[in-house]
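The values are calculated or read from the model by the stated rules, or taken from the named source; none is laboratory data. The structure displayed is predicted, hence computed values, not measured ones. Note that we place each Cβ from the backbone using ideal geometry, even for glycine, and neighbour counts take in every protein chain shown. The protein model used for the area step is the full one, side chains on, heavy atoms only, and it has no ligands, DNA or RNA in it. Shrake-Rupley method; radii C 1.70, N 1.55, O 1.52, S 1.80 Å.
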Amino acid sequence: MSLTNYKTAFDNTYEQVFQKVLVAKKIANTRFQAGLKFGGTVERFAYDISGVQVRTVTRGAASTIDTITDSNETLTVNLEKEAVFFISDGEVTQAGPLNPGEVIGGQVAIKVALDLDGRVFSEVTNAYQTFTNSDLTTLASDTTPITLSSTTVPQMVSRMPAKLRRGANQEIQTNLALVVDSYAASDVAQYLLGKNFDIVTAVFKNGYTGDISNAQVYISEKLKSTAKLVSSADYGNTETIVINGVTFTFVTVIGTTAGNVLRGVSEAATMAALVALINAPGTTTANGVALSAADQATLSGITAATDASHTVTLTGVGTGRLVLSETCTNASWTVNYIHAYFGKKGAIDLVVQDISPVDMRPTADRRGTNVFSSYLAGVKTFADGAKKFLDVWIAA
C-alpha cells in the first residue's frame with residue numbers, strides 16, 4: 001500500500017467514524033464551519049422578555065409599557081487539540097491485504113471524538129438548575145447525588161421534565177435528551193419495566209441507545225465528574241488514597257517512590273501537597289514525587305482543589321465516573337458522582353472547524369511518517385441555553 005492510498009483510506013474512515021461517534025453532535029447546537037481561527041469569536045444576540053408582564057386592562061388609563069432587553073454573548077474558538085503518531089514505511093508497504101489507513105483512521109477518530117465530547121459535556125455544570133436526590137420528592141435540590149434504584153429511577157424519569165419545565169417559565173419542552181454513562185443506562189433499563197437499551201452498538205450511533213418518556217437516551221463515557229475527600233485530622237504515615245487505580249501515599253520522609261506525598265506540619269499543608277501533585281503529576285517537588293507516564297495519562301482531565309473545611313474536591317473533565325478508595329483513619333470519600341445531561345437538544349453551542357485532511361509529514365531521522373489529526377473548536381453555554389437543561393447528579 002502506498003502512502004497516498006493510506007492517506008485516502010485514513011481520511012475517509014476518520015471522518016465517517018468521527019461523525020458517527022461524536023455524541024455532542026446530537027446534543028449540542030453543532031456547526032461544522034470552515035475558516036475558523038484559534039482565538040476567533042462567534043457572537044450571538046439574545047432577547048430577554050422576563051420583564052414583560054400580562055396585566056389587567058384598565059379602560060381609559062394608559063397601559064404600562066414593559067421593556068425588552070437584548071444582550072450579546074461571545075463564543076471563543078479556544079480548543080485546539082491533536083493526536084499524533086508515527087507509522088514506518090515498512091508498516092505501510094508490508095500491510096498486504098490489510099488496510100492500516102482504515103483501521104488506524106477509525107481508532108484515532110474515536111479518540112478525537114471522545115475528547116471533544118468531554119469538552120462539551122463539561123458544560124453541564126453551567127446549567128441554571130441542578131437535579132439531585134431531594135428533587136425526587138421535593139421542589140428543591142440538595143448536595144446529595146442520586147443513587148439509582150427501583151425507587152429512584154422512576155422518580156427521576158418522571159420529575160426531571162417537571163423541574164425543567166418549571167424552571168423554563170412553563171416553556172413547552174420538546175426534542176429532549178438524557179445523556180448518561182453505560183452503568184447509569186443499564187440501571188435505567190433494569191428499573192424501568194420494558195426498557196431494553198442497545199448499549200453495545202450505541203457507540204456508532206452518536207451514543208443513541210433508546211427512548212424513555214419524552215426524551216432520547218444517549219450514552220457517553222466522557223461525562224464530567226465530581227468527588228470529595230473529607231478529613232477530620234491530618235493523614236497518617238503510609239496511609240493511601242487511590243484515584244482510578246493510581247495510588248498516592250502519605251509519608252513523613254518523601255523518598256523517591258512515585259505518588260509519595262509529604263505529610264506537612266498540619267492537615268492543611270498535607271492537603272495542599274496532595275492537591276499540588278494531582279494537578280502537576282509529572283513534576284517532582286519537595287512535597288511530592290512525580291507519577292509514571294502511564295499514571296499521568298490515567299489522571300488526565302482530573303484536577304483538585306482544597307478549602308478551609310478539610311475537603312479536597314476532584315473535578316474530572318471527560319473522565320466519566322471515578323473509581324476511588326482510601327486507607328485513611330481520619331479521611332474518606334464522602335461523595336462521588338457524574339454530571340448527566342437532561343434537557344433540550346441544542347442548549348449548548350459547539351462550533352467545529354470542518355474536518356480537514358490528515359497532515360502527513362515525512363520524518364528526517366527515521367524511515368516513516370508522522371501523522372497529525374486535529375480539531376479546532378469552541379464551546380459555550382449561553383445564558384438562555386443554561387435554562388434549557390439540568391445538571392443531574394448521579395452517584396458513581
Review point. Of the residues in segment 53-73, how many are surrounded by fewer than 12 Cβ atoms within 10 Å (Cβ to Cβ) and under 30 Å from Val120 (Cα atoms)?
Key: 3
**Study point:** Subset of segment 344-362 [open to solvent by 30 Å² or more (accessible area, probe 1.4 Å), within 25 Å of Val108 (Cα to Cα) and either among the polar types (S, T, N, Q) or touching a Phe, Trp or Tyr at 6+ places or on another chain (Cβ under 8 Å) (or both)]
**Key:** Gln353, Asp354, Ile355, Ser356, Asp359, Met360, Arg361
Check your understanding: List pairs: first in segment 217-235 and without any contact (Cβ under 8 Å) to a residue 60 or more places away in the chain and closer than 28 Å to Ala185 by Cβ, second open to solvent by less than 10 Å² (accessible area, probe 1.4 Å) and not in a strand (DSSP E or B), Cβ under 7 Å, 6+ apart or cross-chain?
Key -> Val217/Ala185
Check your understanding: Hey, Ser374 hits all of (1) at pLDDT 85 or above; (2) of a type in the set (Gly, Ala, Ser); (3) touching a helix residue (DSSP H, G or I) at 6+ places or on another chain (Cβ under 9 Å); (4) surrounded by fewer than 18 Cβ atoms within 10 Å (Cβ to Cβ) but one; which does it fall short on?
Key -> (1)
Practice item. Could you figure out which of (1) closer than 30 Å to Lys26 by Cα; (2) in contact with a helix residue (DSSP H, G or I) (Cβ under 7 Å, 6 or more places away or on another chain) isn't true of Gln216? Key: (2)
Review point. For segment 353-373, does any single residue satisfy the condition of being of a type in the set (S, T, N, Q) and not in a strand (DSSP E or B)?
Key: yes
Review point. Looking at segment 67-109, which of its residues are assigned to a strand (DSSP E or B), modelled with pLDDT of 90 or more and aliphatic (A, V, I, L, M)?
Key: Leu75, Leu79
Exercise for review: Hey, can you tell me all the residues within segment 127-138 that are open to solvent by less than 50 Å² (accessible area, probe 1.4 Å) and part of a helix (DSSP H, G or I)?
Suggested key: Ser134, Asp135, Leu136
Revision key, fill the gap. Per the list (1) over 30 Å from Lys222 (Cβ atoms); (2) touching a residue at least 40 places away in the same chain (Cβ under 8 Å), residue check on Gly301 breaks on (1)
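Of the residues Ser2, Ser50, only one is modelled with pLDDT under 85, closer than 30 Å to Ala347 by Cα, among the hydroxyl-bearing types (Ser, Thr, Tyr) and loosely packed, with under 13 Cβ neighbours inside 10 Å; which?
Exactly one residue qualifies, and that residue is Ser50.
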Check your understanding: Can you name the condition, by its number, that Leu291 falls short on among (1) part of a loop (DSSP other than H, G, I, E, B); (2) open to solvent by 30 Å² or more (accessible area, probe 1.4 Å)?
Key -> (2)
Review point. Restricted to segment 298-315, and to residues that are open to solvent by less than 70 Å² (accessible area, probe 1.4 Å) and of a type in the set (A, V, I, L, M), which residue is nearest to Gly118 (Cα to Cα)?
Key: Ile302
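Quick one: which of Val157, Val112, Val124 is part of a helix (DSSP H, G or I), of a type outside the set (Ser, Thr, Tyr) and modelled with pLDDT of 95 or more?
Working: Val157 fails: modelled with pLDDT of 95 or more; Val112 fails: modelled with pLDDT of 95 or more.
When all the criteria are applied, what remains is Val124.
Can you tell which of Thr270, Thr256 is at pLDDT 95 or above, open to solvent by 60 Å² or more (accessible area, probe 1.4 Å), more than 18 Å from the chain's Cα centre (by Cα) and more than 22 Å from Leu148 (Cα to Cα)?
Details: Thr270 fails: open to solvent by 60 Å² or more (accessible area, probe 1.4 Å).
Being at pLDDT 95 or above, open to solvent by 60 Å² or more (accessible area, probe 1.4 Å), more than 18 Å from the chain's Cα centre (by Cα) and more than 22 Å from Leu148 (Cα to Cα) holds for just one of Thr270, Thr256, which is Thr256.
Conditions (1) assigned to a loop (DSSP other than H, G, I, E, B); (2) more than 22 Å from Thr315 (Cβ to Cβ), marked per residue:
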site: Thr226; (1), (2): no, no
site: Tyr235; (1), (2): yes, no
site: Ala258; (1), (2): yes, yes
site: Val261; (1), (2): no, no
site: Gly264; (1), (2): yes, yes
site: Ala273; (1), (2): no, no
Practice item. Go through (1) open to solvent by 10 Å² or more (accessible area, probe 1.4 Å); (2) in a strand (DSSP E or B) and name the single condition His339 misses. Key: (1)
Exercise for review: Scan segment 237-252 for residues that are assigned to a loop (DSSP other than H, G, I, E, B) and open to solvent by less than 30 Å² (accessible area, probe 1.4 Å) and jot them down.
Suggested key: Glu239
